[in-house]
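> Supplied in structure tokens, the structure appears directly below.
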Amino acid sequence: MALFTPTFSLKSLTSTTSQRRRFGHSNWSFTARATVAVDAPSSSASDRGGAAPKLLLEVKDLSAVIADSKQPILKGVNLTVHEGEVHTVMGKNGSGKSTFAKVLVGHPDYEITGGSITYKGQDLVQMEPEERATAGLFMSFQSPVAIPGVSNIDFLNMAYNARRRKLGLPELGPIEFYGYVAPKLELVNMKIDLLNRNVNEGFSGGERKRNEILQLAVLGADLAILDEIDSGLDVDALRDVAKAVNRILTPKNSILMITHYLRLLEFIKPTYIHIMENGRIVKTGDISLAETLEREGYKAIA
Amino acid sequence: MATTNSMSISTLNSYYLPKSRTPPPRRSAYKPPRTTTTTVFAQPPTLAILSDPHVLRLAETLEDSIAASSSAASPPLPLQKLRDISSQSLLSTPWPSRKDELFRFTDTSFIKNSEIQPIPPSEMQSIASLSILGDTVFPNLAIVDGYLVDSLSNSSGLPNGVFVGPLSRLNSEDIMKRVSKYVSSFQGDLFWSLNGVGAPDVIVVYVPEGCKVENPLHLRLFSFNGSDKDSKTLPISNPRVLVLVEKGGEIGIVEEYSGGEGNDKCYWTNSVMEIVIGDGAKVSHSYVQSQSLGAAHVKWTSVRQESTSVYELIEVSTGGKLSRHNVHVQQVGPDTVTELSTFHLSIGDQLQDLHSKLVLDHPRGVSRQLHKCIVAHSLGQAVFDGNVQVNRDAQQTDAGQLTRSLLLEPRATVNVKPNLQIIADDVKCSHGAAISDLEENQLFYFQARGIDLQSARRALIFSFAAEVVQCFPDASVQKKVESLIRKLLDPALP
Ligand SMILES: Nc1ncnc2c1ncn2[C@@H]1O[C@H](COP(=O)(O)OP(=O)(O)OP(=O)(O)O)[C@@H](O)[C@H]1O
Ligand SMILES: [Mg+2]
């Protein structure tokens, strides 16, 4: 279920809800940090009230090729994500991180040649990309495309209404939707005129990233896959974006986050760090893995 | 030319065409005598060698229909002049073939192989009461099958000195003089001349010096008579409009073609509009063509721009089995501005053709042309021939042309021929042509946000058209065209 169900009224979103979230988040990140344990991921759940954490995503021996050339990129990826966990994938350029993210959301450039993906108990591979999205899977693109001729607000409105249809709720007209989306702009510290511009057209690198997070804020997600939301951002922008993510997602949501740098992890605390190499996850550990990487580079963990 | 006197096609026909009747009677017995035509030949015109029998027969049919329907009074001089010039030129104009450069990609055999039937004016009475045209808030003229229908028109509220109406009702000698000067000052192709022979009258839109007409004038052209698909006959109408805007004047024209419930009615609209824009004057021309998918729609727009004048054309064409728009803009003074924004949509087994020609002969002209088309049917075709001539004296011209085509079906066809001919050396010219399908990455971006593929495609197609649709200066026209395109793209929508 999407978290940002549209039944929230405007008021509750801007005042009480966000306060609750901020508070909830600091708890959450602290908890997450304290419970890193590769072999016992369930320990974090016990801190939160005892119930076993629900399995959200299970990737088994996933291999994929580029659809055109049949060139293998993913060569047996294994990953399990429970509700509320924050997973970070790191790895050298070209190791397959973005490909993994895009395969998860059903990008047509890739063909799955082996293994399985289960999301909320369903076979994800059988789902259309738009079904995956409305089922709460959200990916922020490393390089989002521009769509000339389609205004940002119309695009968001279409996407939001698709989500509402799925939930059996009435769609929002442009004026109602504007009321819903305007406060979210503040959340990502985005200028209002970007709503009336065409989707990503002429947006700076930082504006594109913020726009991705704005979409996350509008649509909500059970599993947010964030592909390098920190690249190309200045220090302040990085803080804005990370803060926004923390406010948008509650402790029940899960994150799969791709990054090259430790600094993002200071804002969004990971449960696990995975290292991807040549289409596989070759190592999993806690934040110290990222710290070693930052200090000594990939040779240190080879 | 072989003769200096006015002549008619039929007389020549009877001399030079292999007919079953025995020559040389000038007029066959069943034809009513004509009052307006004198035919004197000093010698047999040699140009008749180039005559195309098919063209002459068609011209004769049109002439006969005009003769039969017009009143005893002789037509106003400019109209007579138009008919004469047109008749003359038809004598040496063959039916275009695919070998003609201008018709290389445009197959006109659909018209050629049909029996062409002129529509008599009497049939207009019956529809006078029908509310086929919908509402308009603007001063407007209803032109049904090429004839002005007064009861459906309302041209009140126009400023003093503005004349809007048929040439035959023009009382001002001064305006008549001006009109005389410009009627058929340009020579088009076969279809142009056929219109000149077949037009029952000329609708004149005259804007005097310095007069800025606030509301756009809405010309509502409707095709009422149509034949069935398999009948092989095409009722023809020949509307003709002359827009004359004097120095410093301004007007907006909304020219809208429709006709035919359902989409298989067959008819042929063969229309001409001439526009003369004086010094510093401005014409904003909106053109919307959504005729029946069984129709032939051939249209000429010829524009003459004097110094510092502005002409803008915004066109959306979606109708017709065969639709061709010829736009010819001639610059006759410096510092003119010309903006052409056009969008063609081929949603079925149809051809959408734009042939534009911009001739720049004077310094510092600015021209901007954007042509977009979508072919969304495997039997659909779009043609664009965009010629821009920047001649020797047109220094410091700034000419830009851009064309983009979207092919949405495997065998959909587009023939694009942008051509810039630049003789002046100090000019800024740019052009670009792109043909593509919808971008996979863009489609996926929609899907990744939960929007299904079909809605995503529709949004992208719609946005492709929007770049042109947004140029319509009048919001109500914009809205109307938007919903027209929406409906065509998704017939399931209300
Ligand atoms: N659609 C594609 N066509 C061709 N090659 C591709 C395509 N997608 C991925 N690749 C190739 O697959 C490899 C993995 O790419 P991917 O984008 O997944 O790397 P990454 O780990 O995200 O790198 P970075 O850290 O630079 O973002 C690269 O060599 C890339 O060039
Ligand atoms: Mg990447």
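> Checking the conditions here, which among A:Gly136, A:Gly106 is buried (at least 22 other Cβ atoms within 10 Å of the Cβ), under 21 Å from A:Val89 (Cβ atoms) and within 16 Å of ligand 1 (Cβ to nearest atom)?
A:Gly106
> Which is in contact with a strand residue (DSSP E or B) (Cβ under 7 Å, 6 or more places away or on another chain), more than 13 Å from ligand 1 (Cβ to nearest atom) and under 27 Å from A:Gly202 (Cβ atoms), of A:Val125, A:Val150? First the steps, then the outcome.
Values: A:Val125 fails: under 27 Å from A:Gly202 (Cβ atoms).
None of the others qualify; the one that does is A:Val150.
> Among the numbered criteria (1) surrounded by fewer than 20 Cβ atoms within 10 Å (Cβ to Cβ); (2) outside any loop (DSSP other than H, G, I, E, B), which one does B:Tyr257 miss?
All conditions pass for B:Tyr257, except number (1).
> Kindly provide the set of residues from the stretch B:192-215 that are over 30 Å from B:Ala59 (Cβ atoms) and surrounded by fewer than 24 Cβ atoms within 10 Å (Cβ to Cβ), ordered by number.
Passing the criteria: B:Pro208, B:Glu209, B:Gly210, B:Cys211, B:Lys212, B:Val213, B:Glu214, B:Asn215.
> Let me ask something additional. Which ones in the stretch A:267-279 are farther than 19 Å from A:Ile255 by Cα and surrounded by 15 or more Cβ atoms within 10 Å (Cβ to Cβ)?
Selection gives A:Glu277, A:Gly279.
> Determine which member of the set A:Leu137, A:Leu124, A:Leu104 is out of contact with any His (no Cβ under 6 Å at 6 or more places or on another chain), at pLDDT 95 or above, within 14 Å of chain B (Cβ to nearest Cβ) and within 16 Å of ligand 2 (Cβ to nearest atom).
Selected residue: A:Leu104, the only one of A:Leu137, A:Leu124, A:Leu104 that is out of contact with any His (no Cβ under 6 Å at 6 or more places or on another chain), at pLDDT 95 or above, within 14 Å of chain B (Cβ to nearest Cβ) and within 16 Å of ligand 2 (Cβ to nearest atom).
> Any chance you could count how many residues in the stretch B:317-332 are within 19 Å of B:Val288 (Cβ to Cβ) and part of a loop (DSSP other than H, G, I, E, B)?
Final tally of qualifying residues: 4.
> Run down B:Asp361, B:Asp353, B:Asp349, B:Asp393 and say which single residue is buried (at least 18 other Cβ atoms within 10 Å of the Cβ), farther than 22 Å from B:Val243 by Cβ, charged (D, E, K, R) and not assigned by TED's automatic domain parsing to the domain that holds B:Glu250.
Step by step, each of B:Asp361, B:Asp353, B:Asp349, B:Asp393 is checked, and only B:Asp353 is buried (at least 18 other Cβ atoms within 10 Å of the Cβ), farther than 22 Å from B:Val243 by Cβ, charged (D, E, K, R) and not assigned by TED's automatic domain parsing to the domain that holds B:Glu250.
> Would you confirm whether any residue within the stretch A:226-234 is farther than 23 Å from A:His107 by Cβ and within 16 Å of ligand 2 (Cβ to nearest atom)?
The answer is yes; a qualifying residue exists.
> Considering only helices (runs of 4 or more DSSP H) fully contained in the stretch B:402-491, which possess at least 2 residues that are more than 14 Å from chain A (Cβ to nearest Cβ) and without any contact (Cβ under 8 Å) to a residue 12 or more places away in the chain? Write out each step before concluding.
Details: elements: B:440-448, B:453-469, B:475-489.
Passing ranges, in order: B:475-489.
> Also, quick follow-up: Just need a number here: residues in the stretch A:166-175 that are more than 9 Å from every other protein chain (Cβ to nearest Cβ) and without any contact (Cβ under 8 Å) to a residue 60 or more places away in the chain.
Residues flagged as more than 9 Å from every other protein chain (Cβ to nearest Cβ) and without any contact (Cβ under 8 Å) to a residue 60 or more places away in the chain within the stretch A:166-175 amount to 6.
> Filter the stretch A:51-78 down to the residues that are closer than 29 Å to A:Leu249 by Cα and either within 14 Å of chain B (Cβ to nearest Cβ) or within 16 Å of ligand 2 (Cβ to nearest atom) (or both) and list them by number. Show your work before the answer.
Taking the stretch A:51-78 as the starting set, the residues that turn out to be closer than 29 Å to A:Leu249 by Cα are A:51-62, A:74, A:77-78.
Correct list: A:Leu74, A:Val77.
> Whether any residue in the stretch A:81-88 is on the phi < 0 side of the Ramachandran plot, within 16 Å of ligand 2 (Cβ to nearest atom) and in contact with a Phe, Trp or Tyr (Cβ under 6 Å, 6 or more places away or on another chain) is what I want to check.
For the stretch A:81-88, residues on the phi < 0 side of the Ramachandran plot, within 16 Å of ligand 2 (Cβ to nearest atom) and in contact with a Phe, Trp or Tyr (Cβ under 6 Å, 6 or more places away or on another chain): present.
> Another question, then. Within the stretch B:70-109, which residues are over 22 Å from B:Leu242 (Cα atoms) and part of a helix (DSSP H, G or I)?
B:Leu91, B:Glu101, B:Leu102, B:Phe103, B:Ser109
> If you go through the stretch B:475-491 one residue at a time, do you hit one that is over 30 Å from B:Phe138 (Cβ atoms), surrounded by fewer than 16 Cβ atoms within 10 Å (Cβ to Cβ), modelled with pLDDT under 90 and not charged (D, E, K, R)?
There is no residue in the stretch B:475-491 that is over 30 Å from B:Phe138 (Cβ atoms), surrounded by fewer than 16 Cβ atoms within 10 Å (Cβ to Cβ), modelled with pLDDT under 90 and not charged (D, E, K, R).
> List the number of the failed condition for B:Ser436; all other conditions in (1) surrounded by fewer than 14 Cβ atoms within 10 Å (Cβ to Cβ); (2) under 19 Å from B:Val316 (Cα atoms) hold.
Result: B:Ser436 passes all but (2).
For (1) within 12 Å of the chain's Cα centre (by Cα); (2) surrounded by fewer than 24 Cβ atoms within 10 Å (Cβ to Cβ), each residue gets a yes or a no:
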| site | (1), (2) |
| --- | --- |
| B:Val272 | yes, no |
| B:Ala295 | no, no |
| B:Glu312 | no, yes |
| B:Gln330 | no, yes |
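> Any idea which residue in the stretch B:158-187 is modelled with the lowest pLDDT, counting only those that are under 19 Å from the mean Cα position of the chain (by Cα) and surrounded by fewer than 20 Cβ atoms within 10 Å (Cβ to Cβ)?
B:Ser185
> Restricting to the stretch A:143-160, name every residue that is assigned to a helix (DSSP H, G or I) and either more than 9 Å from chain B (Cβ to nearest Cβ) or under 13 Å from A:Val199 (Cα atoms) (or both).
Selection gives A:Asn152, A:Ile153, A:Asp154, A:Phe155, A:Leu156, A:Asn157, A:Met158, A:Ala159.
> Test A:Asp193 against the criterion of being touching a strand residue (DSSP E or B) at 6+ places or on another chain (Cβ under 8 Å) and without any contact (Cβ under 8 Å) to a residue 12 or more places away in the chain, and give yes or no.
no
> Quick one: A:Ile73 ticks every box in (1) within 16 Å of ligand 1 (Cβ to nearest atom); (2) farther than 30 Å from A:Gly206 by Cα bar one, so which box is it?
Tallying (1) within 16 Å of ligand 1 (Cβ to nearest atom); (2) farther than 30 Å from A:Gly206 by Cα, A:Ile73 fails exactly one: (2).
> Just checking, which of B:Ser284, B:Ser307, B:Ser290 is crowded, with 22+ Cβ neighbours inside 10 Å and assigned by TED's automatic domain parsing to the domain that holds B:Leu79?
B:Ser290
> Determine the pairs where a residue that is touching a residue at least 24 places away in the same chain (Cβ under 8 Å), located within the stretch A:261-290, has a partner that is aromatic (Phe, Trp, Tyr) and crowded, with 20+ Cβ neighbours inside 10 Å with Cβ atoms under 6 Å apart, the partner being 6 or more residues away or on another chain.
A:Thr284/A:Tyr272
The values are calculated or read from the model by the stated rules, or taken from the named source; none is laboratory data. Predicted, not measured: the structure shown is a model, and the values here were computed from it. A quick note on method: Cβ atoms are made from the backbone with ideal geometry, for glycine too, and the neighbour counts reach across all protein chains shown.
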